[in-house]
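Please read the structure below before turning to the comments.
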Amino acid sequence: LNMFQPFQTTLPYLSGIGGTTKAARYITGAMRDMLSTVEPHLNPDELFNLTKKPGRLTADEWEFLKTMRQLGEIEPFMTRELSGTSAMRTTMTDIGRKFGNAMQRVSVLSSLMFSATEQASRVSTLLASYRMFRDDPKAFAKVQKFAVESGHLTEPPKTIADAAQFVSELTMFNMDRWNRPHMLQGLEGVALQFSQWPIMMTQLAFTMAGV
């Protein structure tokens, strides 16, 4: 994930649902308001604790984001995987264990900015989608129809929150080790960490052709 992914993947999708101008307005506004939810911290898991509602968000938007956080939708998935991969380098010797632990600490520290970017993108996408579907019943109805017709869901999202969650999971991608061949789930996964992005982007493009 990168800071511009809401524009690269979510914008085209929401454009097909509610129009380009409207989608751009919602995403731009969501990215601006997302900044007010950040809580500065050196621990990636504490960046979006959502403990104090900012004035820019309405009560329903705030409750929605807190629910998404509880459901694990606002998580630094790739950062955690990289940290875990470094930990796997620990060997059976004392020297190997010390080296592995050091690499794990370096990985966690160096991934802080990446983690913040990943979570910020997810928050922005969730908030933009939620606002569009809340404000535009036709857009909500369209995403409900598309979710089933595209084969992604067997039943349409029942609520606006469900629809926004669907869009986030569809356009933010999940590039963790479970979506890679088993032979690439170890150290090799670091070098090929982003190899799935163009594949998923291509798949999304074909999916959006049906919007």
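The values are calculated or read from the model by the stated rules, or taken from the named source; none is laboratory data. Computed from a predicted model, the values in this text were never measured in an experiment. Here the Cβ positions follow ideal geometry from the backbone for every residue, glycine too, while neighbour counts run over all protein chains shown. SASA here: full protein model, heavy atoms, side chains in, ligands and nucleic acids out. Shrake-Rupley method; radii C 1.70, N 1.55, O 1.52, S 1.80 Å.
In terms of the mean number of neighbouring beta-carbon atoms within 10 Å, the peptides 33-40, 48-55, 62-69 order highest first as 62-69, 33-40, 48-55. In this structure region 1-76 gives 48 Å² per residue of accessible area when probed at 1.4 Å with all protein chains present. With contacts taken as Cα pairs under 8 Å at a separation of at least 6 residues, region 3-56 carries a relative contact order of 22 percent. Past the 28 Å Cα-Cα mark, which pairs from Lys52/Lys145; Lys22/Lys145; Lys53/Lys145? As for pairs spanning more than 28 Å Cα to Cα, those are Lys52/Lys145; Lys53/Lys145.
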